[in-house]
Amino acid sequence: MFEDILNKIIQDGALIRTQIGMNGWESGIIISHNQDIIQINLVQEYYKMAVMSRDPIKCKYYFNEKEYLFEGHVDRVVIYDVPSMFIKITNVDIFRNKRKHVRVDVRLGANIWLKGNENFAYCIIDNLSTNGLGLISRVEIGIGKELKIDMFLDYNNILTVKGHIVREKRVNEYYEVGFEIDKNDKEGRENLNRTIQMNKRFNGKLIEETLEQINKNTNLVEQKQTVMIVDEDDSARFLIRKLLSLQGFSKILEVIDGVQAINFVQKLKPEIIILDILLPTLNGNEVIEKIHSISPESKVIVISTISNRKIIDEARSKGAIEYLVKPFDNKRLIEVIKRVGG
């Protein structure tokens, strides 16, 4: 049953993309889930659309190098406390997701210009990557054709890129088209990458604001312990910080390497330390050993992509209380934090 899949992969506080009808993909945050129901925040665009129960909806969710496409319908909408919508999932499709380039889903209007032709056609851009973009066209363009594309980011902001078509597939009355930017179009690549980073920052801000809103409407027990997160990955630190905030932790430090971690331990003696084994400047297990010698009361939780048994045993022998493998289960991390912090 697909409910088993949902229970294994869905992470409260994670980003999810939703689409109603032929409208664009909207960023939402998972507030809670139960069997085949997922609760997400009611994003601004759905206020405008006056979304209602029974409206069909699709969701995109990424977990452990896989892309999950959920299909279902809006079960109900609530506008008190945290405005949100409950989605009933009726089908799940799974795709491998090992892209070499960062990709974000968008919904942008664009004009496409064929090289040597003054005429243009209007199309929809539905995803951006650091290497190119995906578009939907009513007309066939042709693989290998060279184009200039003007994307309308907003009323006064147009992003122009040059390149050629590398993929084209007819789907019903549309053509799904893959476009690769020319390597010599440095300005277009830089502008596109800047747009992608802005989109990622927007999603990060959305997660932060949504979780803060949830916090305001939840009776949290304030946690007195100081927690230090040691991880080079910005997104990993961000997610862990938000999970900690949801549990009432307010004294949270973030550092990116082992040297910084040891300096903070010497000064502050944090009660809980969450760190990655793969760190710049110092090996994670060396850091654990030094932390244990400086502050034996500090509880160290390791979170890492390394699942090698020898490395895990070494981390435990150096003083790690628990070892979780990325991508970690949010509920499991919270359980461990509560246990070691209690």
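The values are calculated or read from the model by the stated rules, or taken from the named source; none is laboratory data. Note that the coordinates shown come from a computational prediction; the quantities given were computed from them, not determined experimentally. Cβ sites come from the backbone with ideal geometry, for glycine too, and all protein chains shown count toward neighbours.
Observations on the structure shown:
- Entry remark, the range 250-286: residues being closer than 17 Å to residue 235 by Cα and hydroxyl-bearing (Ser, Thr, Tyr) number 0 in total.
- Within the range 119-147, the residues that satisfy the criterion of being in contact with a His (Cβ under 8 Å, 6 or more places away or on another chain) and in a loop (DSSP other than H, G, I, E, B) are 130, 131, 144, 145.
- Counting only helices (runs of 4 or more DSSP H) that sit completely within the range 231-296, zero hold 3 or more residues that are more than 25 Å from residue 332 (Cβ to Cβ) and not assigned by TED's automatic domain parsing to the domain that holds residue 327.
- Cβ-Cβ under 9 Å pairs, at least 6 apart or on other chains, the range 1-12 side assigned by TED's automatic domain parsing to the domain that holds residue 28 and β-branched (Val, Ile, Thr), far side modelled with pLDDT under 80 and part of a loop (DSSP other than H, G, I, E, B): 9/64
- A search for C-beta distances below 7 Å between a residue of the range 247-276 that is surrounded by fewer than 21 Cβ atoms within 10 Å (Cβ to Cβ) and any residue that is aromatic (Phe, Trp, Tyr), counting only pairs 6+ apart in sequence or on different chains, returns 253/264.
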